[in-house]
Ligand code: FES
């Protein structure tokens, strides 16, 4: 194989890889798809049941495409604000648990740890816990879920 042929193969390999990455990006994770995701608000509980401090684990159900789904989230009262987090660990998707003694979320799979604002403290996760929209209307608390 001549140097010219080797260079030609290398360039076509690089171009193919770039095209593949673009296809994957635009097909699976393009910003347009993210924008087009629908947010459905699910009733959680009355406003009086919001935690006055700390973290509350909430289990909820919702209907989508004729099926009933069950899930959970964490509602955190932090610096006079309410935050809602998905329990899904950003490492490999296990569900985190709240440790009320050490005031942190712990993932049972690989010991990933997150603080009460969802930021990574330690372990393999690189991304914080996913926040979820929360709204209060007519004294009722609703959680926004992406569909
Ligand atoms: S899945 Fe949570 S740390 Fe690995």
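The values are calculated or read from the model by the stated rules, or taken from the named source; none is laboratory data. Everything numeric in this text was worked out from a predicted model, so none of it was measured. Here the Cβ is made from the backbone with ideal geometry for all residues, glycine too, and neighbour counts use every protein chain on show.
Listed values, structure above:
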quantity	calculated
All positions within region 103-116 that are more than 16 Å from the ligand (Cβ to nearest atom) and farther than 20 Å from residue 49 by Cα	103
Candidate set from region 78-102 (those that are away from the ligand (no atom under 12 Å from the Cβ) and surrounded by fewer than 13 Cβ atoms within 10 Å (Cβ to Cβ)); member that is farthest from residue 49 (Cα to Cα)	102
Evaluation of residue 56 against (1) without any contact (Cβ under 8 Å) to a residue 24 or more places away in the chain; (2) over 20 Å from residue 142 (Cβ atoms); (3) away from the ligand (no atom under 16 Å from the Cβ) (one fails), failing number	(2)
Residue check, residue 92 closer than 21 Å to residue 38 by Cα and outside any strand (DSSP E or B)	no
Hey, residue 125 within 16 Å of the ligand (Cβ to nearest atom) and in the same structural domain as residue 42 (by TED's automatic domain parsing) or not	yes
